[in-house]
Amino acid sequence: MIELAILDMAGTTIDDRDEVYRVLRESTERHGATYTDEEFQQWMGTEKRWAIENLLKLGGVDADEILVEQAWAWFREELRQTYTDTPPTPLAGVEEALRELKANGIKIGLTTGFSREIADLILDSLGWKEGEIIDHIVAGDEVPVGRPEPFLIQAVMAHLDVHDTAAVVSAGDTASDVESARRAGVTSIGVLTGHLTRADFDALDADLVLGSVADLPSHTVMAREVR
C-alpha cells in the first residue's frame, strides 16, 4: 500500500508555461554560453544554481564563482518577477488528484529544483499550504545536492516519518526525476506533461508512465507491482 506520493513541481504538478526553462537558459546564454537543446534538456529538473554553473561551463564560458553568482542572482530575480506578473497554475486535474490522494490517507510531498524563496512564491500564488493540500515540501537549496541525487526524496520521507521505500512513489517529468527516484529506491513515475515522451521514459526504465499526475490516484495501489 502506498503511504507517500512525492511530486516534482514545474511540469509535473504546476504549469509555469516553461518560464523556468526560458529564464534558466537566458541566465547562461546572456553570458555567452552556447549548447544544443539536447544538452540543455539533461539539466531540466536539477537544482538551478548547479544547473547554471554546469550550463555555463558546457557552453564554453569560463565560469568562476563570481560569474556563477551573478547568473544565479539574475535567474532568481527574473523568475520572481515573471511568476509575480503571471503566476503558475496547477496542471489540469492535479489539485483534485492531490485532494483525492489525501482523502485516501496518502501523504503528499513536493520536491523542486527551485530555491525555497521561489517555491514559496509559487505555493503562495496557488494557495497550497503545508499541512493542508500538501504535507511537506523540500526545495533545491535545502539539501546538500539536488537531483539526480536522492536527497530531496529522502528529506521528505524523513520529515514525514515514512521509512519503507516500497510505500513511496515519486513522480516527475524529467530524466533527473526518474534517476533520483531510482537512487532513493522508491517507485519512479514519469509523467507526460513535460518534454519527455513515453518512449523516453521507457528508455530511462521508469517503473510507471502516466499521462499526468491527475491519473495517479487510480494507480497508487498497484504502483509497486509494476517494478
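Looking only at residues that are within 12 Å of the chain's Cα centre (by Cα) and aliphatic (A, V, I, L, M) in the stretch 143-170, which one is surrounded by the most Cβ atoms within 10 Å (Cβ to Cβ)? Per the criteria, the residue is L152. Across the stretch 66-81, not a single residue is classified as within 30 Å of A167 (Cβ to Cβ), surrounded by 21 or more Cβ atoms within 10 Å (Cβ to Cβ) and not assigned by TED's automatic domain parsing to the domain that holds G211. Of all residues in the stretch 13-63, those satisfying the criterion of being among the acidic types (D, E), farther than 18 Å from A139 by Cβ and assigned to a loop (DSSP other than H, G, I, E, B) are D18, D62. Figure legend. Inter-residue proximity from the stretch 64-90: first residues part of a loop (DSSP other than H, G, I, E, B), second residues at pLDDT below 95, beta-carbon distance below 7 Å, spacing 6+ or different chains. Indicated pairs: P87/S125; P88/D16; P88/I122; P88/S125.
Matching residues to (1) part of a loop (DSSP other than H, G, I, E, B); (2) among the hydrophobic types (A, V, I, L, M, F, W, C); (3) touching a helix residue (DSSP H, G or I) at 6+ places or on another chain (Cβ under 7 Å); (4) within 30 Å of A73 (Cβ to Cβ):
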| site | (1), (2), (3), (4) |
| --- | --- |
| P144 | yes, no, yes, yes |
| E149 | yes, no, yes, yes |
| A171 | no, yes, yes, no |
| D202 | no, no, no, no |
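Under the condition of being within 15 Å of P90 (Cα to Cα), touching a residue at least 60 places away in the same chain (Cβ under 8 Å) and within 15 Å of the chain's Cα centre (by Cα), the residues counted in the stretch 113-135 number 2.
Among the residues here, G140 does not qualify as closer than 20 Å to E38 by Cα and buried (at least 17 other Cβ atoms within 10 Å of the Cβ). Going residue by residue through the stretch 20-28, is there one that turns out to be over 20 Å from the mean Cα position of the chain (by Cα) and either modelled with pLDDT of 95 or more or β-branched (V, I, T) (or both)? Yes - at least one qualifying residue is present in the stretch 20-28.
Each residue in the stretch 171-214 was checked for being at pLDDT 95 or above, surrounded by fewer than 18 Cβ atoms within 10 Å (Cβ to Cβ) and not aliphatic (A, V, I, L, M), and 7 of them qualify.
Quick one: is E96 surrounded by fewer than 17 Cβ atoms within 10 Å (Cβ to Cβ), within 22 Å of I133 (Cβ to Cβ) and either touching a residue at least 24 places away in the same chain (Cβ under 8 Å) or touching a Phe, Trp or Tyr at 6+ places or on another chain (Cβ under 6 Å) (or both)? Yes. Looking across the stretch 153-169, the residues that are assigned to a helix (DSSP H, G or I) and in contact with a helix residue (DSSP H, G or I) (Cβ under 9 Å, 6 or more places away or on another chain) come down to I153, Q154, A155, M157, T165, A166, A167. Within the stretch 194-214, residues that are over 18 Å from R17 (Cβ atoms) have Cβ atoms under 9 Å from residues that are crowded, with 18+ Cβ neighbours inside 10 Å and of a type in the set (F, W, Y) in these pairs: L208/F201; V209/F201, counting only partners at least 6 apart in sequence or on another chain.
The values are calculated or read from the model by the stated rules, or taken from the named source; none is laboratory data. The shown structure was predicted, so the numbers you read here are calculated from the model rather than taken from an experiment. All Cβ positions, even for glycine, are placed from backbone atoms using ideal geometry, and neighbour counts span all protein chains on display.
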